[in-house]
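Colleague: Before anything else, here's the structure in question.
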There are 2 protein chains.
Amino acid sequence: MSYRVAIFIFNEVEVLDFAGPFEVFSVAGLRTRSVPPFEVFTAAQFDTINARNHLTIKPTYTLEKAPKADIIVIPGGGGFHADGTPFGSRREMNNPIVLKWIQEQSANAQLTLSVCTGSLILAKAGLLEGKEATTHFLAIDSLRKISDNITVKEKTRFADNGNIITSEGVSAGIDMSLHVVAKLLGKETADETAKYMQYDYWK
Amino acid sequence: MSYRVAIFIFNEVEVLDFAGPFEVFSVAGLRTRSVPPFEVFTAAQFDTINARNHLTIKPTYTLEKAPKADIIVIPGGGGFHADGTPFGSRREMNNPIVLKWIQEQSANAQLTLSVCTGSLILAKAGLLEGKEATTHFLAIDSLRKISDNITVKEKTRFADNGNIITSEGVSAGIDMSLHVVAKLLGKETADETAKYMQYDYWK
């Protein structure tokens, strides 16, 4: 049996935020197991997504058609235009369609993960209440402002609450995903995955 | 003036191979310079590309419509099906349309970069003759077999010949791209880019 991994994407998503976990879960265990341990797909509100700097992606599913997943990944990215209009995760964190989808998927999932400012979306969905969480170093204050009931951790690669894990910015999603591979499949498989990716920094 | 960066993509391209450089060049210098130093686009033979594990991408340009670039990036990925049919970079390395495009772009470009088995494509395009080069650790022998006139380097993050730089597998493209940012814009900008990406491993 494979773990089904849903990666939520949206306009102005930071490319490495989603591509890091996509890579890790796509290649983990492929060389050492007879059945691929993860089946990865992308899901988005729209059928075409413009990731940061105009990388155009056709998601595997729109949100309403996406199957239930065992692991959901919420990447981040985005900010505010000069006139104050939010874009990327700063917009999605207030998008009721997205928040509802995440709440429903998370209620069913074994693991809910976020990278970078994806944790702002999880926080707005109410999923970080009573939890430890982290985010991109430039968004620490934004995360604090969402709820007093989140223990915000700084300078930690990721914060693991068991079923909900948030990582700091961008490249940290790679480390968090390898950590999840180790949790689910054992350290040997995570080590082999990092080796295949020549991610020499993984301990 | 911005450096124009063309990232070649193809069916079964390894996701992090192209997404790592895409991320680095997309975000480098954005916080410290008034003009974005890099303008990144993707280019492919077809107008829809299925990257590894079904990530569907609409390239910015098809090869014939892509403008000349200052920097070209050739990622890798792929292998052989059970019946011996090559896919991904193992197919593109023998695709005359791709080799011709790379030769023409490289002749005009300031820098030609490859990640992972992208160096096999550069080697087949004749661009590594008399150069030092590296590749994914599982493809070292394949690179050696293409030409006796390539000095194949093992266990090096990337091999820099000045105008042609090849990196080892997958995540090494991030380090090579940061190295290029440092070459072109100075170490301070590369350090700031790595910090923004929370790529703590960059020295």
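The values are calculated or read from the model by the stated rules, or taken from the named source; none is laboratory data. Remember, predicted model here, so these are calculated numbers, not experimental data. Backbone-built Cβ (ideal geometry, glycine too); neighbour counts: all protein chains shown.
Colleague: Is it the case that A:Asp175 is free of Cβ contacts under 8 Å to residues at least 40 places away in the same chain, crowded, with 16+ Cβ neighbours inside 10 Å, part of a helix (DSSP H, G or I) and not aliphatic (A, V, I, L, M)?
Modeller: Values: free of Cβ contacts under 8 Å to residues at least 40 places away in the same chain: yes; crowded, with 16+ Cβ neighbours inside 10 Å: yes; part of a helix (DSSP H, G or I): yes; not aliphatic (A, V, I, L, M): yes.
Considered against the rule, which asks whether it is free of Cβ contacts under 8 Å to residues at least 40 places away in the same chain, crowded, with 16+ Cβ neighbours inside 10 Å, part of a helix (DSSP H, G or I) and not aliphatic (A, V, I, L, M), A:Asp175 comes out as yes.
Colleague: Here is a follow-up. Go through the range B:46-64 and give me each residue that's touching a residue at least 40 places away in the same chain (Cβ under 8 Å) and basic (Lys, Arg).
Modeller: B:Arg52
Colleague: Could you say which residue among A:Leu138, A:Leu127 is more than 17 Å from the chain's Cα centre (by Cα) and either on the phi < 0 side of the Ramachandran plot or polar (S, T, N, Q) (or both)? Lay out the reasoning, then the answer.
Modeller: Values: A:Leu127 fails: more than 17 Å from the chain's Cα centre (by Cα).
The match here is A:Leu138.
Colleague: Give me the pairs: first residue in the range A:110-133 and surrounded by fewer than 20 Cβ atoms within 10 Å (Cβ to Cβ), second residue at pLDDT below 95, beta-carbon distance under 6 Å, and six or more apart or on different chains, which are they?
Modeller: Hits for this filter: zero, empty list.
Colleague: Assess whether B:Phe137 counts as being touching a Pro at 6+ places or on another chain (Cβ under 7 Å) and either polar (S, T, N, Q) or without any contact (Cβ under 8 Å) to a residue 60 or more places away in the chain (or both). Spell out how you get there, then give the answer.
Modeller: Numbers: touching a Pro at 6+ places or on another chain (Cβ under 7 Å): no; either polar (S, T, N, Q) or without any contact (Cβ under 8 Å) to a residue 60 or more places away in the chain (or both): yes.
No, not satisfied.
Colleague: Say whether the condition of being assigned to a loop (DSSP other than H, G, I, E, B), crowded, with 23+ Cβ neighbours inside 10 Å and more than 9 Å from every other protein chain (Cβ to nearest Cβ) is met by at least one residue in the range A:41-54.
Modeller: No, the conditions are met nowhere in the range A:41-54.
Colleague: What is the number of the single condition among (1) away from chain A (no Cβ under 11 Å); (2) surrounded by 14 or more Cβ atoms within 10 Å (Cβ to Cβ); (3) part of a helix (DSSP H, G or I) that B:Phe25 does not meet?
Modeller: If we test B:Phe25 against (1) away from chain A (no Cβ under 11 Å); (2) surrounded by 14 or more Cβ atoms within 10 Å (Cβ to Cβ); (3) part of a helix (DSSP H, G or I), just (1) comes out false.
Colleague: Taking B:Tyr196 as the residue in question, decide whether it is within 14 Å of chain A (Cβ to nearest Cβ) and buried (at least 17 other Cβ atoms within 10 Å of the Cβ).
Modeller: Values: within 14 Å of chain A (Cβ to nearest Cβ): yes; buried (at least 17 other Cβ atoms within 10 Å of the Cβ): yes.
When the stated conditions are applied, B:Tyr196 passes them.
Colleague: Check A:Lys203, A:Lys155 and return the single one that is within 14 Å of another protein chain (Cβ to nearest Cβ), of a type in the set (D, E, K, R) and closer than 30 Å to B:Gly76 by Cβ.
Modeller: It is A:Lys203.
Colleague: Working carefully through the options A:Ala190, A:Ala182, A:Ala139, A:Ala123, find the one that is within 13 Å of another protein chain (Cβ to nearest Cβ), at pLDDT 95 or above, within 21 Å of A:Phe18 (Cβ to Cβ) and in a helix (DSSP H, G or I).
Modeller: Working: A:Ala190 fails: within 13 Å of another protein chain (Cβ to nearest Cβ); A:Ala182 fails: within 13 Å of another protein chain (Cβ to nearest Cβ); A:Ala123 fails: within 13 Å of another protein chain (Cβ to nearest Cβ).
Only one candidate qualifies: A:Ala139.
Colleague: Considering only the range A:28-40, how many residues are away from every other protein chain (no Cβ under 11 Å) and surrounded by fewer than 16 Cβ atoms within 10 Å (Cβ to Cβ)?
Modeller: 4
Colleague: Next question, about the same structure. Before we move on, is B:Ala19 more than 8 Å from chain A (Cβ to nearest Cβ) and either touching a Gly at 6+ places or on another chain (Cβ under 7 Å) or of a type in the set (A, V, I, L, M) (or both)? Walk me through how you get there before you give the answer.
Modeller: Details: more than 8 Å from chain A (Cβ to nearest Cβ): no; either touching a Gly at 6+ places or on another chain (Cβ under 7 Å) or of a type in the set (A, V, I, L, M) (or both): yes.
Judged against the criteria, B:Ala19 is not a match.
Colleague: Moving to a separate point now. Which condition from (1) modelled with pLDDT of 95 or more; (2) touching a helix residue (DSSP H, G or I) at 6+ places or on another chain (Cβ under 7 Å) is the one that A:Thr42 breaks?
Modeller: (2)
Condition check ((1) out of contact with any helix residue (DSSP H, G or I) (no Cβ under 7 Å at 6 or more places or on another chain); (2) without any contact (Cβ under 8 Å) to a residue 12 or more places away in the chain; (3) among the β-branched types (Val, Ile, Thr)) across all residues:
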position	(1), (2), (3)
A:Ala66	yes, no, no
A:Asp70	yes, no, no
A:His81	yes, yes, no
A:Thr85	yes, yes, yes
A:Ser89	no, no, no
A:Val98	no, no, yes
A:Ala107	yes, yes, no
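Colleague: On to the next question. Given the criterion within 17 Å of the chain's Cα centre (by Cα) and crowded, with 18+ Cβ neighbours inside 10 Å, identify the matching residue among B:Glu104, B:Glu168.
Modeller: On the way: B:Glu104 fails: crowded, with 18+ Cβ neighbours inside 10 Å.
From the options B:Glu104, B:Glu168, the qualifying one is B:Glu168.
Colleague: Another question, then. Only one of these is touching a helix residue (DSSP H, G or I) at 6+ places or on another chain (Cβ under 7 Å) and under 20 Å from B:Trp202 (Cβ atoms): B:Leu178, B:Leu143. Name it.
Modeller: Numbers: B:Leu143 fails: under 20 Å from B:Trp202 (Cβ atoms).
Residue meeting the stated conditions: B:Leu178.
Colleague: Given B:Gly126, B:Gly76, B:Gly162, which one is small (Gly, Ala, Ser) and touching a helix residue (DSSP H, G or I) at 6+ places or on another chain (Cβ under 6 Å)? Working first, answer last.
Modeller: Values: B:Gly126 fails: touching a helix residue (DSSP H, G or I) at 6+ places or on another chain (Cβ under 6 Å); B:Gly162 fails: touching a helix residue (DSSP H, G or I) at 6+ places or on another chain (Cβ under 6 Å).
Within the list B:Gly126, B:Gly76, B:Gly162, the selection yields B:Gly76.
Colleague: Right, here's the next one. Considering only the range B:2-20, state which residues are at negative phi and outside any strand (DSSP E or B).
Modeller: Of all residues in the range B:2-20, those at negative phi come to B:2-11, B:13-20.
Selection gives B:Ser2, B:Ile9, B:Phe10, B:Asn11, B:Val13, B:Glu14, B:Val15, B:Leu16, B:Asp17, B:Phe18, B:Ala19, B:Gly20.
Colleague: Next question, about the same structure. Could you check how many residues of the range A:140-173 are among the small types (Gly, Ala, Ser) and under 18 Å from B:Tyr196 (Cβ atoms)?
Modeller: Just the residues of the range A:140-173 that are among the small types (Gly, Ala, Ser), to begin with: A:142, A:147, A:159, A:162, A:167, A:169, A:171-173.
Retained after the next criterion (residues that are under 18 Å from B:Tyr196 (Cβ atoms)): A:142, A:167, A:169, A:171-173.
Residues meeting the conditions: 6.
Colleague: Out of curiosity, is B:Ile7 within 10 Å of another protein chain (Cβ to nearest Cβ) and surrounded by 23 or more Cβ atoms within 10 Å (Cβ to Cβ)?
Modeller: Numbers: within 10 Å of another protein chain (Cβ to nearest Cβ): yes; surrounded by 23 or more Cβ atoms within 10 Å (Cβ to Cβ): yes.
The answer is yes for B:Ile7.
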